[in-house]
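Asks: Handing you a structure now.
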Amino acid sequence: MHRDAIALANGLYAEFPAKPVFLTNSETAAQRFEAEHQQARSRVLSPILDDKAVDCAPLAARRMYQKIKNASPMVWSADSPAASLTYFFTEFVAAYDRMLFAARTLDYRLAYHARRLNGGGADDIKSEADRCYFIGRLLGYTDARLLEILAAEDPEEQGALPKRHARLKKVAALSQPGEDFVAGLQRVQELMVSLRDTPRTVPSDYRGMILSDTPWRSPE
């Protein structure tokens, strides 16, 4: 049980890049090294741009979710080395499940309205682009960046995509699931940050890293 608990804790923390030792007398090199490390930390939290909201969660979040869901029940016992992670385990799974529910609802409605708008089938290329554009805007992408990704070589589509997006936004049925999806994704990211920034220790009687404190909790 102890081995399983430590393996789970280490597996979760392994999703975040550790800061390697870098010795230099150059302030410029040190600043560049720090900037690269911060970028690597941020990429872990970055969502994936896709035409389906259920596929947009950060890859690290997906792996963490599966690791927790597949963990041995003994990991949750009171004397487990990972007992201090229990709050994170339960909150992360609950937040991820809520995000998935909102994502599936958004995907169903968005697919329906995109097909209706374009008069095409489920795999119509314009409908796929509209779904990706809509979700991309929810994730904070700019119009210019999305047009560069989705229609870089198609001037006609560059003008049509924002217009179709504006029409989709007027569909009230998309507003709430879109907001719920974004809120759920943000909560998952917050929990990932809370785990990443929680100090760890290596007890002398275990071969592995576990927490010295519990991850951050939101005020109740």
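Asks: Give me the dipole magnitude in Debye, nearest 20, for the stretch 132-195 about the Cα centre, with unit charges on the beta carbon: positive for Lys and Arg, negative for Asp and Glu.
Replies: On the way: 8 positive and 9 negative charges, 64 e Å.
For this selection, approximately 300 debye.
Asks: May I pose another question? Can you list the lysines whose alpha carbon sits under 22 Å from that of Lys52, skipping same-chain ones fewer than 8 residues off?
Replies: The reachable lysines, counting only those whose Cα sits under 22 Å from Lys52, are Lys126, Lys163, Lys169, Lys170.
Asks: At 7 Å along Cα-to-Cβ for each site, give me the label-to-label distance between Glu156 and Arg104 in nm.
Replies: The answer from the label model is 3.9 nm.
Asks: From the protein chains alone at 1.4 Å, what is the descending order of accessible area for Tyr96, Tyr112, Tyr141, largest first?
Replies: Details: Tyr96 10, Tyr112 110, Tyr141 65 Å².
These residues rank, largest area first, as Tyr112, Tyr141, Tyr96.
Asks: Within the stretch 42-90, list the chymotrypsin sites (Phe, Trp or Tyr not before Pro) lying in a DSSP loop whose Cβ has at most 14 other Cβ atoms in a 10 Å radius. Let's see the in-between values first.
Replies: Numbers: sites: Tyr65, Trp76, Tyr87, Phe88, Phe89; in loops: none.
Those that pass, being in a loop and sparsely packed, number zero.
Asks: Would you please give the FRET efficiency between Ile125 and Arg63, computed as 1/(1 + (r/R0)^6) with r the Cβ-Cβ distance and R0 = 35 Å, to the nearest 0.05?
Replies: Taking R0 as 35 Å, the efficiency between Ile125 and Arg63 is 0.70.
Asks: Any chance you could run the full-extension gain for Ser72 through Thr142? It's 0.36 nm times the residue separation minus the Cα-Cα distance, nm to one decimal.
Replies: So the extension gain works out to 20.9 nm.
The values are calculated or read from the model by the stated rules, or taken from the named source; none is laboratory data. The shown structure was predicted, so the numbers you read here are calculated from the model rather than taken from an experiment. With ideal geometry, Cβ positions are generated from the backbone for all residues, glycine too; neighbour counts draw on all protein chains shown. In case anyone asks, the SASA skips ligands and DNA or RNA and just uses the protein heavy atoms, side chains included. Shrake-Rupley method; radii C 1.70, N 1.55, O 1.52, S 1.80 Å.
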